[in-house]
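The values are calculated or read from the model by the stated rules, or taken from the named source; none is laboratory data. Being a predicted model, the structure only gives us computed values, none of them experimental. Glycine also receives a Cβ, built like all others from the backbone with ideal geometry; neighbour counts cover every protein chain displayed. To get the accessible areas, we keep the full protein, side chains included, count just its heavy atoms, and leave off ligands, DNA and RNA. Shrake-Rupley method; radii C 1.70, N 1.55, O 1.52, S 1.80 Å.
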Amino acid sequence: MDTSSALSAFDRQLRRELPPGDSATRIERTARLVRHVSDQPHSWTGVVWSDLDSSTAGAEIAAESRNFRGGYEWKYYTHDLPADLPDHLRAAGLRQGDLEAVMVAEAAEVPDFAPPAGVELVDVTDEEGIIAATDVHDEVFGQCHRGLRERLLAVLAEAPETLDVVLAVAGDTPVSAARTDYYPGTEFAGLWGGGTLEAWRGKGIYKALVSHRARRAQARGVRYLQVDALPTSEPILTRIGFTRLTSTRPFMAG
């Protein structure tokens with residue numbers, strides 16, 4: 001994979017030109033910022049791209065601060081300018097989240113991995129499956145995913161072709177859940193979730209979920225798979241062919 005070309009495509013397609021994720025979201029573009037805005041509780045609001053320098057950052061962030069409220073996020077990437085952009089964002093009152101690696105692979109290059117014995121991968125097609133998937137997230141990550149559940153149910157009703165959700169099930173028990181977000185008009189699909197119950201970790205379920213979604217994305221003509229990876233996932237993704245293009249950190253209001 002040509003990492004320079006992939007990063008350029010990522011910045012253009014998934015940041016400057018990223019389509020809205022649902023019908024409740026609108027895109028606002030200025031000369032220096034692109035923000036996604038929604039008044040719905042289950043939708044995301046924040047800045048996805050910026051073109052700033054040391055002479056413009058202060059004024060632009062001060063003007064943007066009128067949008068800072070609960071649920072707001074400025075999605076910062078470590079190759080964004082100016083180099084001290086995080087300092088400006090913190091000074092404006094935003095709190096920083098965890099640093100994640102932006103990992104990308106060509107879908108066709110991801111190997112096939114079968115789930116471990118006794119585990120079946122089940123594609124979700126209804127409300128019951130969405131509830132089961134977010135229940136797994138609640139248990140794995142130790143926080144409520146009601147907002148995510150509402151958003152996924154809305155997407156399932158409005159644009160199911162832009163979403164894949166898959167459960168890893170042992171017997172009758174969901175033990176892991178993951179999803180793919182498709183971005184029409186781009187070469188990318190985003191892989192999200194993949195959290196696994198503690199007793200089932202280290203058995204290859206995460207790899208199986210990645211390859212399962214890679215095959216589904218490949219069948220749709222997707223070229224690149226993108227993951228915002230925590231330190232626990234980055235080594236696994238590296239071993240199966242993903243490359244770190246950059247890193248990202250959320251800066252959040254509230």
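Histogrammed with a bin width of 5 Å, the alpha carbon distances of the chain distribute as 1, 6, 13, 17, 19, 18, 13, 8, 4, 1, 0, 0 percent, first bin at zero. Estimated translational diffusion coefficient (Stokes-Einstein, Kirkwood radius over Cα pairs, 25 °C, 0.890 mPa s) of the stretch 193-240: 209 µm² per second. Among the protein heavy atoms, those of Glu150 account for about 80 Å² of accessible surface (1.4 Å probe, every chain in place). Overall, the chain carries a charge dipole of about 380 debye about its Cα centre when +1 sits on the Cβ of Lys and Arg and -1 on the Cβ of Asp and Glu, all other atoms neutral.
The simple spin-label model puts a point 7 Å past each Cα toward its Cβ; for Ala91 and Thr173 those points are separated by 5.2 nm. Note on the chain: with neighbouring protein chains present and a 1.4 Å probe, carbon and sulfur make up 49 percent of its accessible heavy-atom surface. Label separation (Gln143 vs Ser5): 3.8 nm, computed from points 7 Å beyond Cα along the C-beta direction. Gain on full extension, evaluated as 0.36 nm per residue between Asp135 and Ala114 minus their Cα-Cα distance, stands at 5.2 nm.
Averaged per residue, the chain has 47 square angstrom of accessible surface, using a 1.4 angstrom probe with ligands and nucleic acids left out. Taken as Cα centroids, the stretch 57-101 and the stretch 214-254 sit 22 Å apart, rounded to the nearest whole angstrom.
Computing FRET efficiency as 1/(1 + (r/R0)^6) for Arg201 and Thr56, where r is the C-beta to C-beta distance and R0 is 41 Å, gives about 0.35. Where only DSSP H runs of four or more residues are counted, the chain gives -8500 deg cm²/dmol as its mean residue ellipticity at 222 nm, each run worth -39500 (n - 2.57).
Give the residues of the stretch 220-246 whose amide nitrogen is closer than 16 Å to a point set 7 Å from the Cα of Asp98 in the direction of its Cβ. Backbone N within reach: 227-237. If you take the alpha carbon atoms of the stretch 20-110 and fit the smallest convex hull around them, that volume is 136 Å³ per residue. Model label points for Thr125 and Thr232, set 7 angstrom from Cα along the Cα-to-Cβ axis, are 3.2 nm apart.
In this calculation the C-beta distance from Glu161 to Ala63 is compared with R0 = 45 Å, giving a FRET efficiency of 0.75.
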